[in-house]
Structure formats: structure tokens, C-alpha cells
Amino acid sequence: MPDPVVAQSSPYAVELAPGDYWWCACGRSKRQPFCDGSHKGSEFTPHRFTVSEAQKVWLCGCKRTSGAPYCDGTHAKL
């Protein structure tokens, strides 16, 4: 599998309302850190996650986290 595009070399800090979200795993989306369908035709699929209460989260921008969609600090090693 090819490596995803590094959309940003740091996490995205976003305030989210309760609901379902789709995190971009390919790095090609123009709506980072969320999926816009740019992965179509590639080996990548977006990662669905649910937020149960309003909160601030840090979503991976380098697309190499082991805890998708949340940042695990992997960007510091790139």
C-alpha cells in the first residue's frame, strides 16, 4: 500500500459537536482533516468516528498515526 499524503505536519485541533465524522486517511481531501471523497480510486478509505459530546480533539494531519483518527505524535518522527 502506498504512503498517504502528509496533509499537515502537525495535528488539527478541532471543536466537534456530537455526531459521526469521516477522517481523511489518504491526505488528499481539500476539507482536511475530513474526507471529501478524494480517496476514490485509491487503496485508502476514510475512518469513521463518533463524538458523543461536544469536545476539542486533535486529529492526525500526517496520516500516519497508529490511533486513527487521533494524533499520537508520529508527526514528530517524520
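Both radii come from the Cα set of the chain: Rg as radius of gyration, Rh as Kirkwood radius; their ratio Rg/Rh reads 0.95. Projecting the Cα atoms of ALA17, PHE49, SER29 onto the charge dipole of the chain (Cβ charges, centred on the Cα centre) puts SER29 farthest toward the positive pole. Remark: the chain carries 60 Å² of accessible area per residue (probe radius 1.4 Å; ligands, DNA and RNA excluded). A full extension of the chain between ALA54 and SER66 corresponds to an added length of 1.9 nm, given 0.36 nm per residue minus the alpha carbon distance.
Legend: residues SER38, SER52, sorted from most to least accessible area (1.4 Å probe; ligands, DNA and RNA excluded), read SER52, SER38. Annotation: aspartates and glutamates with alpha-carbon distance below 18 angstrom to LYS77 (same-chain offsets under eight excluded): ASP3.
The values are calculated or read from the model by the stated rules, or taken from the named source; none is laboratory data. From a predicted model like this one, the values you see are computed outputs, not experimental measurements. As a convention, Cβ positions derive from the backbone with ideal geometry for all residues, glycine included, and neighbour counts pool all protein chains shown. Quick note on the areas: whole protein, heavy atoms, side chains included, nothing else; ligands and nucleic acids left out. Shrake-Rupley method; radii C 1.70, N 1.55, O 1.52, S 1.80 Å.
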